[in-house]
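The values are calculated or read from the model by the stated rules, or taken from the named source; none is laboratory data. Predicted model, so just to flag it, every value in this text is computed and none were measured. Quick reminder, even Gly has a Cβ in these numbers, built from the backbone with ideal geometry, and neighbours come from all protein chains shown. Side chains included, ligands, DNA and RNA excluded: accessible areas come from the protein's heavy atoms. Shrake-Rupley method; radii C 1.70, N 1.55, O 1.52, S 1.80 Å.
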Amino acid sequence: MTTDLPIPDAVNLTPFQALMIPVALVGAVFLSLGAQFQSRGVQRVEARLGRQSKGLSVRHVVALLGSGWWVLGTLMLGLAVVLQLISITNAPLIVVQPLGAVALVITTWFSSRSTGVPLGQQARRAVWTCIVGVGIFVGIAAVVGRESAITHEQLVTILVVLAVVLVAVLLSFRFAAKRASAMYYIVGAGVLYGFVATLAKVVLNRLLHGTFDWLTAIAVVGVLVAAALGGYFVQNAYSSGSADLVIAGLTVIDPIVAVGIGVIVLGEAAGAPWIAVVGFLVAAVIAITGVFLLAKHHPQTRS
């Protein structure tokens, strides 16, 4: 089987790859700020135009483009995406992608200070549950993570699974939009963004190595479609949940999906001992439990 990228079959973290960790952490700061500002913009637009029972309307989306807070938040998120792309292009996905969870701590602190609403002991415990779960995940990934050459077959597999996910998300939105809660939108966005991160890494690596074919073009389309739909879901999540909850969901579900693809399809943890696999599963359960606890106990959750 021939590979598309001239990457060794297994590469432990080099000093340059380790440098991508602080790059990802800075990106997490911009992610946190962007989420806060976008959330504020959505809430102000809904206060002016009213809230829709079936998600944001076209009128609401257009109004967001004229919201200074929302535009500032979008610019911040744009910087976060650029830094994330730099980090995942130059380091294993399973190492740098989960570091976005740092944004949860920043967002929680910023939200509490700006609104004057204390989190409460149970909500704080939920936040730290997320952080502990993701921290364990990153720690294991830093030890067993490695880069693997990406084949045509692997990319086709990712695209096929993404197509199935897009169909499932659109059908669920068609039938569940009226009853959708913040967690519905957060889970949907997290899954979609997980595919965005993975496909973006594949596309960037192909471009850097001069490989661009019809399959890469389809991957680019997949990134754009998943990012657009995921972005719409995020804006709806802001309208029914706090920025803290949105960031908690995205920084846990997004990396779990992306890492799952990296491990299962791309082989970024191939050869890892069974104890590491068990550790991944336990860490994922801890982190996801924290998200649902935060959804239950956060004082600003409105659904």
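Odds and ends about this structure:
- Criterion (in contact with a His (Cβ under 6 Å, 6 or more places away or on another chain), open to solvent by 40 Å² or more (accessible area, probe 1.4 Å) and at pLDDT below 85) met by exactly one of Gln84, Gln122: Gln122
- Annotation note: of Asp244, Asp213, the sole residue that is among the acidic types (Asp, Glu) and farther than 19 Å from Ala80 by Cα is Asp213.
- Checking each residue in the stretch 232-275 for being under 15 Å from Phe292 (Cβ atoms), modelled with pLDDT of 80 or more and more than 11 Å from the chain's Cα centre (by Cα) picks out only Ala237.
- For Ala142, the stated conditions hold: it is in a helix (DSSP H, G or I), surrounded by fewer than 21 Cβ atoms within 10 Å (Cβ to Cβ), at pLDDT below 75 and of a type in the set (A, V, I, L, M).
- Some residue of the stretch 182-198 being farther than 22 Å from Thr251 by Cα, assigned to a helix (DSSP H, G or I) and open to solvent by 30 Å² or more (accessible area, probe 1.4 Å): no
- Pairs with Cβ under 6 Å, 6+ apart, first in the stretch 217-238 and more than 16 Å from Ile186 (Cβ to Cβ) and open to solvent by 20 Å² or more (accessible area, probe 1.4 Å), second in a helix (DSSP H, G or I) and small (Gly, Ala, Ser): Val223/Ala200
- Residues that are open to solvent by 60 Å² or more (accessible area, probe 1.4 Å) and touching a residue at least 60 places away in the same chain (Cβ under 8 Å) were ranked within the stretch 199-216; the one that is farthest from Ala35 (Cα to Cα) is His209.
- Residue match in the stretch 18-41 (condition: at pLDDT 85 or above and touching a His at 6+ places or on another chain (Cβ under 9 Å)): no
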